[in-house]
Protein chains: 2
Amino acid sequence: MSDTREQLLEVAERLTQTKGFNGFSYLDLAEEVGIKNSSIHYHFKAKVDLAIALVERTHDDLLTAMADLDKSNITPEKRIKSLISYFQGYIKEEKYCLCGMMAAELQTVGPKVKKRLVAYFADLQAWLEKQFKALGHKDAKVRALQFVSALEGSLLLARLENKPSVVGQALGNLIK
Amino acid sequence: MSDTREQLLEVAERLTQTKGFNGFSYLDLAEEVGIKNSSIHYHFKAKVDLAIALVERTHDDLLTAMADLDKSNITPEKRIKSLISYFQGYIKEEKYCLCGMMAAELQTVGPKVKKRLVAYFADLQAWLEKQFKALGHKDAKVRALQFVSALEGSLLLARLENKPSVVGQALGNLIK
DNA sequence: ACACCTATCTACATGTATATAGATTAAATT
DNA sequence: AATTTAATCTATATACATGTAGATAGGTGT
């Protein structure tokens with residue numbers, strides 16, 4: 001298995017999270033990985049294919065993280081708090097959520113990416129709904145929507161104001 | 001006063017809200033307004049100057065809207081609901097909040113824009129805090145932060161899922 | 001040894017992006 | 001009428017961006 005492809009994804013992920021998918025080029029990517037920019041086309045024929053791979057990778061990551069939390073023997077409340085930490089980690093590296101970023105750039109990434117973004121947020125919301133149900137909340141579905149909204153918005157503000165604590169403050173009332 | 005400058009700002013505002021500030025060029029802008037792209041430099045020397053003008057304009061718009069709501073003889077609750085409508089209007093045009101968009105693209109817009117984005121969100125939050133205080137909420141400050149977070153996040157999701165109602169659902173519990 | 005595959009390279013094509021210099025036009029001022 | 005200012009234009013510079021074509025070098029399997 002090609003290590004280069006993996007490296008390209010890692011660097012592209014970081015660049016998307018920091019500068020946006022329209023904020024870097026194949027040349028930026030190539031220089032960081034140490035190959036020629038034309039060689040990237042071997043791994044990702046067009047830039048949109050890179051975008052698709054990035055969203056799928058991020059989605060898979062999230063599914064794995066959520067499945068791990070499901071397996072672990074802790075309360076739903078602690079599961080949710082762990083998920084918050086998962087996202088909060090972005091802030092100290094001045095990153096934003098990759099799927100949130102692409103959702104902002106929605107009109108430029110094409111329908112295939114859009115479809116996968118919808119799936120990403122649907123899965124995130126579904127998992128949260130399950131946790132809220134386990135906590136006995138009648139409004140689990142709406143609460144999950146409120147949570148995802150507040151999460152994405154607070155990640156934006158936290159990075160802007162350089163205050164990771166903003167994320168916890170914005171989500172605090174939804175957990176208990 | 002130059003009408004062209006105003007037109008440029010209007011088109012640039014829409015393009016930023018739909019495609020992101022890095023998602024359009026001076027050429028796109030020029031073609032829509034009907035001048036040559038080099039002529040834009042007369043009005044906005046560099047693209048960053050356009051970005052600054054856009055954020056300031058959006059900020060002024062918001063301050064005016066909030067001042068109008070303060071003047072009008074309605075309850076704080078209705079004032080907040082009116083503000084929600086103000087932002088919700090973006091969705092049916094497939095737009096996202098201009099300042100939210102630039103906050104996502106933060107690492108590419110430069111420190112001058114960043115400073116103005118911080119000011120924009122500070123004023124929005126301060127106004128909301130005032131309304132929540134008028135409603136007798138002890139946690140007015142935190143609540144305002146939660147509101148802004150949920151607002152920005154829900155605008156992102158509402159556009160992605162083409163469901164304007166998402167905004168109201170995400171903010172509902174914070175008003176009452 | 002030969003054919004094939006993987007991953008990269010060089011070289012190029014085409015178009016875009018931001019920006020500058022200097023000419024031109026038209027309106028406003030003296 | 002002459003001068004100045006505002007706004008736009010043409011033409012150009014420089015750099016970047018995405019992508020294609022074809023060559024190359026090294027490894028794999030028969």
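The values are calculated or read from the model by the stated rules, or taken from the named source; none is laboratory data. As the structure is a computational prediction, the values presented were derived from the model and not from experiment. In this analysis, Cβ positions are derived from the backbone assuming ideal geometry, glycine residues included, and neighbour counts consider all displayed protein chains. These accessible areas exclude ligands, DNA and RNA; they are computed on the full protein's heavy atoms, side chains included. Shrake-Rupley method; radii C 1.70, N 1.55, O 1.52, S 1.80 Å.
Observations on the model:
- Test: residue in segment B:126-143 that is more than 7 Å from chain A (Cβ to nearest Cβ), under 30 Å from A:Thr108 (Cα atoms), crowded, with 17+ Cβ neighbours inside 10 Å and in contact (Cβ under 8 Å) with a residue 12 or more places away in the chain: no
- From the options A:Glu6, A:Glu56, residue that is more than 16 Å from DNA strand D (Cβ to nearest atom), open to solvent by 70 Å² or more (accessible area, probe 1.4 Å) and under 17 Å from A:Gly100 (Cα atoms): A:Glu56
- Checklist (1) within 10 Å of chain A (Cβ to nearest Cβ); (2) open to solvent by less than 50 Å² (accessible area, probe 1.4 Å); (3) not in a helix (DSSP H, G or I) applied to B:Asn162, failing item: (2)
One line per residue, one yes/no per condition, for (1) at pLDDT below 95; (2) farther than 30 Å from A:His137 by Cβ; (3) within 14 Å of chain B (Cβ to nearest Cβ):
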{"position": "A:Ser2", "(1), (2), (3)": "yes, yes, no"}
{"position": "A:His43", "(1), (2), (3)": "yes, yes, no"}
{"position": "A:Thr64", "(1), (2), (3)": "no, no, no"}
{"position": "A:Tyr86", "(1), (2), (3)": "no, no, no"}
{"position": "A:Leu98", "(1), (2), (3)": "no, no, yes"}
{"position": "A:Thr108", "(1), (2), (3)": "yes, yes, yes"}
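- Residue that is least open to solvent (accessible area, probe 1.4 Å), among those in segment A:32-53 that are within 16 Å of DNA strand C (Cβ to nearest atom) and of a type in the set (Val, Ile, Thr): A:Ile40
Rundown of residues vs (1) within 16 Å of DNA strand D (Cβ to nearest atom); (2) open to solvent by 70 Å² or more (accessible area, probe 1.4 Å); (3) touching a Gly at 6+ places or on another chain (Cβ under 6 Å), yes/no style:
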| residue | (1), (2), (3) |
| --- | --- |
| A:Leu27 | yes, yes, no |
| A:Asn73 | no, yes, no |
| A:Leu106 | no, no, no |
| A:Val113 | yes, no, no |
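- For segment B:1-27, filtering for residues that are under 22 Å from B:Leu106 (Cα atoms), part of a helix (DSSP H, G or I) and not aliphatic (A, V, I, L, M) leaves 11.
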